[in-house]
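Reviewing the structure listed below.
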């Protein structure tokens with residue numbers, strides 16, 4: 001069985017990293033591809049090898065594991081592994097897949113892996129890819145409404161909620177993640193430009209260079225440009241140019 005997840009471990013204590021690696025070694029779904037002991041080295045490692053899962057401690061010698069989430073410009077799964085239970089609420093507010101207390105038992109880790117696998121299968125198999133001229137029926141601003149896909153200009157996210165901006169300059173809130181939208185929207189019309197942003201290429205007016213290989217994306221009807229991170233730059237440039 002090929003591993004489903006390429007994972008890294010981020011913890012400032014070498015012994016803690018070793019203990020977690022030993023627990024994870026019994027799960028064939030997980031391949032440990034790297035380790036880091038602080039936020040900056042973790043950021044570099046993630047940008048280099050692009051894992052899809054991070055086991056992350058919270059207290060990292062004067063730094064916080066939550067700081068790492070703000071530095072990553074694409075979506076991946078996080079599981080917090082810590083000796084403290086006081087951060088649990090905040091962890092789930094930032095959409096962590098699980099929150100494990102040290103020391104982690106194989107039985108507890110098995111529950112985490114099952115949850116990860118179930119959520120991944122649910123996101124990728126439950127719904128077909130939409131067509132551009134489709135109309136969907138979903139909860140928007142606490143009311144069920146019809147939404148025509150081709151009228152969506154952009155979608156931004158905040159944890160489990162997304163904000164949909166349409167050509168009539170209205171925006172609506174719905175409970176869907178960016179992963180769900182990315183798996184459902186037609187690929188030849190919609191493109192992810194940031195961990196928290198998807199745009200409709202039909203409404204892209206221009207791209208401008210920004211900083212650190214990033215770009216500003218200007219959309220028809222948007223007063224301010226949206227930031228496109230370097231990870232997604234090549235993809236949208238291929239589609240747009």
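The values are calculated or read from the model by the stated rules, or taken from the named source; none is laboratory data. What you see is a predicted model; the values in this text were computed from it and never measured. Cβ placement follows ideal geometry from the backbone for every residue including glycine, while neighbour counts extend to all protein chains displayed.
Regarding residue 167, is this residue surrounded by fewer than 17 Cβ atoms within 10 Å (Cβ to Cβ), at pLDDT 85 or above and in contact with a helix residue (DSSP H, G or I) (Cβ under 7 Å, 6 or more places away or on another chain)? It is true that residue 167 is surrounded by fewer than 17 Cβ atoms within 10 Å (Cβ to Cβ), at pLDDT 85 or above and in contact with a helix residue (DSSP H, G or I) (Cβ under 7 Å, 6 or more places away or on another chain). Within the range 214-223, identify whether any single residue is at pLDDT 85 or above and either surrounded by fewer than 16 Cβ atoms within 10 Å (Cβ to Cβ) or part of a helix (DSSP H, G or I) (or both), and answer yes or no. Checked against the condition, which is being at pLDDT 85 or above and either surrounded by fewer than 16 Cβ atoms within 10 Å (Cβ to Cβ) or part of a helix (DSSP H, G or I) (or both), the range 214-223 yields at least one hit.
When you check residue 16 against the structure, is it more than 28 Å from residue 231 (Cα to Cα), in contact (Cβ under 8 Å) with a residue 24 or more places away in the chain and in a helix (DSSP H, G or I), yes or no? Yes. Per the conditions (1) modelled with pLDDT of 95 or more; (2) in contact with a helix residue (DSSP H, G or I) (Cβ under 8 Å, 6 or more places away or on another chain); (3) surrounded by fewer than 16 Cβ atoms within 10 Å (Cβ to Cβ), the sole criterion not satisfied by residue 37 is (3).
Condition check: surrounded by 15 or more Cβ atoms within 10 Å (Cβ to Cβ) and within 23 Å of residue 156 (Cβ to Cβ). Does residue 92 satisfy that?
When the stated conditions are applied, residue 92 passes them.
The set of residues in the range 188-202 that are without any contact (Cβ under 8 Å) to a residue 60 or more places away in the chain and surrounded by fewer than 18 Cβ atoms within 10 Å (Cβ to Cβ) comprises 188, 201, 202. Looking only at the range 46-72, residues that are closer than 18 Å to residue 104 by Cα and assigned to a strand (DSSP E or B) come to 5 in all. Any chance the range 172-188 includes a residue that's modelled with pLDDT under 80 and in the same structural domain as residue 228 (by TED's automatic domain parsing)? For the range 172-188, residues modelled with pLDDT under 80 and in the same structural domain as residue 228 (by TED's automatic domain parsing): absent.
So that you can scan it fast, the table gives a plain yes or no per residue for (1) outside any loop (DSSP other than H, G, I, E, B); (2) surrounded by fewer than 15 Cβ atoms within 10 Å (Cβ to Cβ):
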| site | (1), (2) |
| --- | --- |
| 136 | yes, yes |
| 162 | yes, no |
| 172 | yes, no |
| 180 | yes, no |
| 183 | yes, no |
| 186 | no, no |
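Of all residues in the range 1-20, those satisfying the criterion of being in contact with a strand residue (DSSP E or B) (Cβ under 6 Å, 6 or more places away or on another chain) and closer than 19 Å to residue 101 by Cα are 7, 8, 9, 10, 17, 20.
Conditions tested, residue by residue: (1) under 18 Å from residue 231 (Cβ atoms); (2) surrounded by fewer than 19 Cβ atoms within 10 Å (Cβ to Cβ); (3) not assigned by TED's automatic domain parsing to the domain that holds residue 12.
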{"site": "47", "(1), (2), (3)": "yes, yes, no"}
{"site": "50", "(1), (2), (3)": "yes, yes, no"}
{"site": "61", "(1), (2), (3)": "no, yes, no"}
{"site": "65", "(1), (2), (3)": "no, no, no"}
{"site": "68", "(1), (2), (3)": "yes, no, no"}
{"site": "75", "(1), (2), (3)": "yes, yes, no"}
{"site": "79", "(1), (2), (3)": "no, no, no"}
{"site": "82", "(1), (2), (3)": "no, no, no"}
{"site": "88", "(1), (2), (3)": "no, yes, no"}
